[in-house]
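**Student:** Quick one: the structure is below, and I'll ask about it shortly.
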Amino acid sequence: MKPRTWFSALVLIAAAGFSSTPSASIPSPQEGAGSIALALVGGRIYVSPFQEPIKDGVVIIQDGKIVAVGRKGHVKVAEGTGMLDCSGMFIMAGFQNSHVHFTESKWNNAAQLPDGQLTSQLQGMFSQYGFTSAVDTGSMLENTLALRQRVESGEVLGPRILTAGSPLYPPNGVPYYVKSTLPPEIMKLLPQPATPAEAVQQVDEHVAQGADIIKLFTGSWVAKGQVVTMPLDVAKAAVAEAHKKGKLVFAHPSNVAGFQIALQAGVDVLAHTVEDTRGWNPSYIFQMEAHGMSLIPTLKLFVNDDNLKDILQEAHDYSQVYGQILFGTDVGFLPDYDPTQEYLLMQQAGMDFDHILDSLTTAPAKRFGESNVRGQIKAGMDADLVIVTRDPESDIRNLTRVNYTFRGGRIIYSVAER
Ligand SMILES: [Zn+2]
């Protein structure tokens, strides 16, 4: 029997996955392209950011997992395996954007929107740039969970989604840019715990309703130039409760006072660099490192700030002490989804290709306790892969020249589909 070609498998996947009409036969991302093994042949394989890449390699995927990786000629390719020629291309583990929002009106009513529309929106925001995981740090929990459900059922193609649901704000501390978009009756409903007991209760509710992480505004811009901080005992109680439930805590610091509260409360991930750098002391970097706090720089967000130089310095200093940096862009809040400028700014902050790739792959896997399933191209890991057409090491902008994005062995974006 003639071995099934990759092309016919691709057509099947495309027909099933990119159709806008629901069909019961669509494979779930876990099932991938069924049990057909697929070999990605040729190309440079970045097994892991700090490891020498394999120059002319082969990756074999089957049932949503990576089953083998190595140099061409050294990996056994079984008969009947589909082939995808990747000569001249560059293969990396799927990227994670650790700071996003599903708050734009186009996500409203995610449970009811057509499959094709959601797939196309997720491709526009994530898959076309190689993102196979996205961490939502603030949205309407119920709606984001509905969106995730649509993706996990296989009817919509998209990244793995983790969500904080609604953040916890200081009392009377909803940021002005959130306030301006919401009617007052909804505003009042946003969690603003005034006591440690209220914080514990709200964390418990979030977790019970399905939140994956907890997000705190330890410093909140209530007006331009004015930050309100979360009481330290409230922040501490929220963090302790989240940790008891096995959840990571992200914080929006805004200024040095907001940063200090995050640090003292034991927050795991700073969702931004400290924007108002007045009073910032470079020695804080060592405290963050000692506390094992990760940093999501979100540099593009601050590109018009007068003190951008100081903000870049913060990110630079943290990367120099090998503090853990997670890639994140605040897309959804920022309407421009293209990560190119963030990559360039990270470079400007002194991060090289290896370190930027780490922030996209191995670092988030480690932070989320998932190093055994994602972040590297290794047998046994989920087949989450990004294939770009030009060398990202020689020009960081090439990270966005994506030809294919695979999640769980299934193509969730291909340039040919555009
Ligand atoms: Zn944000």
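Laboratory data are not the source of any read-out in this text; all were calculated from the coordinates shown. Here the structure is a predicted model, which means the values were calculated and not measured. Because the Cβ atoms are built from the backbone with ideal geometry, glycine has one as well, and the counts that use them run over all protein chains shown.
**Student:** What value in Å³ per residue do you get for the convex hull of the alpha-carbon atoms in segment 345-418?
**Tutor:** On the way: hull volume 7.7 nm³, N = 74.
Value for segment 345-418: 105 Å³ per residue.
**Student:** For segment 236-328, with only Lys/Arg (+1) and Asp/Glu (-1) charged at the beta-carbon, what is the dipole magnitude about the Cα centre, in debye rounded to 20? Working shown, then result.
**Tutor:** On the way: 7 positive and 10 negative charges, 83 e Å.
Dipole size: approximately 400 debye.
**Student:** What's log10 of I(q)/I(0) for segment 259-418 at q = 0.10, 0.16, 0.20 Å⁻¹, Debye sum over Cα points only, no solvent?
**Tutor:** Debye curve over Cα of segment 259-418, log10 I(q)/I(0) at q = 0.10, 0.16, 0.20 Å⁻¹: -0.40, -0.98, -1.39.
**Student:** Follow-up question, since we're still on this one. Compute and list, largest first, the equivalent-ellipsoid semi-axes of the chain from the alpha carbon gyration tensor, each √(5λ) rounded to a whole angstrom.
**Tutor:** Numbers: eigenvalues 281, 119, 63 Å².
Over the Cα atoms of the chain, the ellipsoid semi-axes are 37, 24, 18 Å.
**Student:** Another question about this same structure. At q = 0.12, 0.24, 0.27, 0.28 Å⁻¹, work out log10 I(q)/I(0) for segment 102-155 with the Debye formula, treating every Cα as an identical point scatterer and leaving solvent out; two decimals please.
**Tutor:** The computed values of log10 I(q)/I(0) come out as -0.23, -1.03, -1.32, -1.41.
**Student:** Give the residue list of GluC sites (Glu not before Pro) in segment 328-418 that are DSSP loop and have at most 16 other beta-carbon atoms within 10 angstrom.
**Tutor:** On the way: sites: GLU342, GLU370, GLU393, GLU417; in loops: GLU370, GLU393.
Answer by residue number: GLU370, GLU393.
**Student:** Picking from SER139, HIS291, LEU118, whose Cα lies most toward the positive end of the charge dipole for segment 95-367 (charges on Cβ: Lys, Arg +1; Asp, Glu -1)?
**Tutor:** SER139
**Student:** Turning to a different aspect of this structure: For LYS309, list the aspartates and glutamates whose Cα falls under 15 Å from its own Cα; do not include residues on the same chain fewer than 8 positions away.
**Tutor:** GLU275, ASP276, ASP317, GLU342
**Student:** Estimate the FRET efficiency between LEU344 and THR181 by the formula 1/(1 + (r/R0)^6), using the beta-carbon distance for r and 45 Å for R0, to the nearest 0.05. Walk me through the intermediate numbers first.
**Tutor:** Details: r = 30 Å, r/R0 = 0.66.
My answer for the efficiency is 0.95.
**Student:** Please give every one of the lysines within straight-line cross-link reach of LYS188, meaning a C-alpha to C-alpha distance under 24 Å, and leave out same-chain neighbours fewer than 8 residues apart.
**Tutor:** Within the straight-line limit of under 24 Å, LYS188 reaches these lysines: LYS106, LYS179, LYS215, LYS224, LYS236.
**Student:** A further question on this structure: Given the options LEU344, GLY219, GLN128, identify the residue whose Cα lies farthest towards the positive end of the charge dipole of the chain (+1 on Cβ of Lys, Arg; -1 on Cβ of Asp, Glu).
**Tutor:** Highest projection toward the positive end goes to GLN128.
**Student:** What percent do you get for the relative contact order of the chain when only Cα pairs under 8 Å and 6+ apart count? It would help to have the intermediate numbers written out before the result.
**Tutor:** Numbers: 979 pairs, mean separation 82.8, N = 418.
Reported relative contact order: 20 percent.
**Student:** Additional query: In the chain, what % of DSSP beta bridges are antiparallel (nearest 5)? If you can, show how the numbers build up before the last one.
**Tutor:** Working: 28 of 55 bridges.
Rounded to the nearest five, the antiparallel share is 50 percent.
**Student:** Between ALA111 and ARG278, how many nm apart are label points set 7 Å from Cα along the C-beta direction?
**Tutor:** 4.7
**Student:** Which angle between 0 and 90 degrees, to the nearest 10, do you get for helix 115-125 versus the longest principal axis of the chain when only C-alpha atoms count?
**Tutor:** Here the helix axis deviates by roughly 70 degrees.
**Student:** Net charge near ARG160, counting Lys/Arg +1 and Asp/Glu -1 over other residues with Cβ under 14 Å of its Cβ? Numbers along the way, then the final one.
**Tutor:** Details: positive: ARG148, ARG150, ARG374, ARG407, ARG410; negative: ASP136, GLU152, ASP212, GLU370, ASP382, ASP384.
Here the charged neighbours net out to -1.
**Student:** Within the set of other residues whose C-beta is less than 12 Å from the C-beta of THR103, count the net charge using Lys and Arg as +1 and Asp and Glu as -1.
**Tutor:** On the way: positive: LYS106; negative: GLU104, ASP136, ASP330.
Once all neighbours under 12 Å are counted, the net charge is -2.
**Student:** Would you compute, for the Cα atoms of segment 97-203, the largest minus smallest coordinate along each principal axis and list the three values in descending order, in whole Å?
**Tutor:** Extents along the principal axes: 42, 26, 23 Å.
**Student:** Still on this structure, please answer the following. Could you pull out every residue, at least 5 positions away or on a different chain, whose amide H is within less than 5 Å of the one on VAL331? Hs are placed 1.01 Å off N in the peptide plane, and Pro or chain starts have none.
**Tutor:** HIS101
**Student:** Using 1/(1 + (r/R0)^6) with R0 = 45 angstrom and r between the beta carbons of LEU189 and LYS55, what's the FRET efficiency to the nearest 0.05? Don't jump to the answer; show the numbers that get you there.
**Tutor:** Numbers: r = 56 Å, r/R0 = 1.25.
That pair, LEU189 with LYS55, gives E of 0.20.
**Student:** How do 295-303, 281-289 rank on mean C-beta neighbours within 10 Å, highest first? Provide the component values of the computation, followed by the final result.
**Tutor:** Numbers: 295-303: 22.8, 281-289: 14.8.
Ranked from most to least packed, the peptides come out as 295-303, 281-289.
**Student:** In whole Hz, what ³J(HN,Hα) sequence does segment 52-59 give by Karplus (6.51, -1.76, 1.60; θ = phi - 60°), x for Gly and Pro?
**Tutor:** 4, x, 7, 5, 10, x, 9, 10
**Student:** Stokes-Einstein at 4 °C, 1.567 mPa s, Kirkwood radius from Cα pairs: D for segment 58-102 in µm² s⁻¹?
**Tutor:** On the way: Rh = 13.0 Å.
Reported coefficient: 100 µm²/s.
**Student:** How large is the dipole of segment 95-367 about the Cα centre if only Lys and Arg carry +1 and Asp and Glu carry -1, each at its Cβ, rounded to the nearest 20 debye? Show your work: numbers first, answer last.
**Tutor:** Details: 17 positive and 29 negative charges, 84 e Å.
Computed charge dipole of segment 95-367: roughly 400 debye.
**Student:** Turning to a different aspect of this structure: Helix 196-209 against the longest principal axis of the chain: what's the angle in degrees, Cα atoms only, rounded to the nearest 10?
**Tutor:** That works out to roughly 20 degrees.
**Student:** Let me ask something additional. When we measure straight from the Cα of LYS378, which lysines land under 21 angstrom away, once same-chain ones fewer than 8 places off are left out?
**Tutor:** Those lysines meeting the cut-off are LYS55, LYS65, LYS72, LYS76, LYS366.
**Student:** Long-range amide H contacts for GLY219: which residues qualify at under 5 Å (H placed 1.01 Å from N, peptide plane, sequence gap of 5 or more or a different chain)?
**Tutor:** Here the answer is MET230, HIS252, since their amide H atoms fall under 5 Å of that of GLY219.
**Student:** Please turn the phi angles of segment 250-267 into ³J(HN,Hα) values with the Karplus equation 6.51 cos²θ - 1.76 cosθ + 1.60 (θ = phi - 60°), one per residue in order, whole Hz, x for glycine and proline.
**Tutor:** Residue by residue, segment 250-267 yields 9, 9, 9, x, 6, 9, 5, 4, x, 5, 4, 5, 4, 5, 5, 7, x, 4 Hz.
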